[in-house]
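A.B. asks: Encoded as structure tokens, here's the structure I'll be asking about.
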Amino acid sequence: MILKRMGGAKLTHFTRDELRLLLREAKTCSERDWLGILVCYWHAMRVSELIALTVSDVCDGHIIVTRGKGSERVTYPLMEDADPLFDEKSALEAFCLHKTQNTLLFPVTRQAVGLWLKKYGASAGLDRRKCHPHSLKHSIARHFLAANNNNLPQVQRYLGHKSLGSTGVYLQVTQDEACAAAVAGLTTPKAKQQE
């Protein structure tokens, strides 16, 4: 789904099923890449925030994220999920186990993270317009809003936005969503017509 343009990029996000496909492709090829994508998603990170993480930022079941753009430093719980592709906690703790405390967790470039999304997104058959790292931040924002009845202040706090206006952009309805709602609400399903 594509949202309005914000700055120079379109506000795109993955559905949960699309994200599962992306994560599956990444995990098949590289534990590190899969985990980087997952951490970026769960904690609504910019790529610059992801590649700045050190092993010492993962401690006692939490991850400390130093937000960019003048936002604050935030501590998040590591996410546990019944779906192994989304279960960050045990995988990230194991990933850090034999690494030195102050080393970078994901010693890659911003461009490398972008290539992960393009490569695994293409392998998963996803819309290439969505396959960029910022789609992960947009995805968690949309998923969190849907799960919390559009509670904007909670989502604002979770995303680390200083302004509620920055978070409000995620409330916008996409063209695809509007069309689907129109079809569902205005047309007669074929099964009902035959009754």
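A.B. asks: Using per-residue counts of other Cβ atoms within 10 Å, averaged over each peptide, order 18-26, 74-82, 87-95, 131-139 from highest down.
C.D. replies: 131-139, 18-26, 87-95, 74-82
A.B. asks: Then there's this: What distance in nm separates the two pseudo spin-label positions at T15 and N148, each 7 Å out from Cα along the beta-carbon direction?
C.D. replies: 2.4 nm
A.B. asks: Turning to a different aspect of this structure: At 7 Å along Cα-to-Cβ for each site, give me the label-to-label distance between D87 and T100 in nm.
C.D. replies: Label-label distance for D87 and T100, simple model: 3.2 nm.
A.B. asks: Among Y120, Y158, rank each residue by its count of other Cβ atoms within 10 Å, from fewest to most, as a rough exposure measure.
C.D. replies: Starting with the residue having the fewest Cβ neighbours, the order is Y158, Y120.
A.B. asks: So what's the stretch 10-180 giving for Cα Rg divided by 2.2 N^0.38 Å, two decimals?
C.D. replies: 1.00
A.B. asks: Please state the charge dipole magnitude for the stretch 17-128, taken about the Cα centre, from unit charges on C-beta atoms (+1 on K and R, -1 on D and E), reported in debye and rounded to the nearest 20.
C.D. replies: Charge dipole, the stretch 17-128, about its Cα centre: 560 debye, nearest 20.
A.B. asks: Length gain on complete extension for the stretch H62 to K119, per 0.36 nm per residue less the alpha carbon to alpha carbon distance?
C.D. replies: Value of the extension gain: 17.6 nm.
A.B. asks: Follow-up question, since we're still on this one. For K130, K99, which order do you get if you count the other beta carbons within 10 Å of each Cβ and list the fewest first?
C.D. replies: Sorted ascending by nearby Cβ count, the order is K99, K130.
Laboratory data are not the source of any read-out in this text; all were calculated from the coordinates shown. A quick note: this is a predicted structure, and the numbers were derived from the prediction, not measured. Neighbour counts are summed over all protein chains in view; Cβ atoms, including those assigned to glycine, are modelled from backbone coordinates with ideal geometry.
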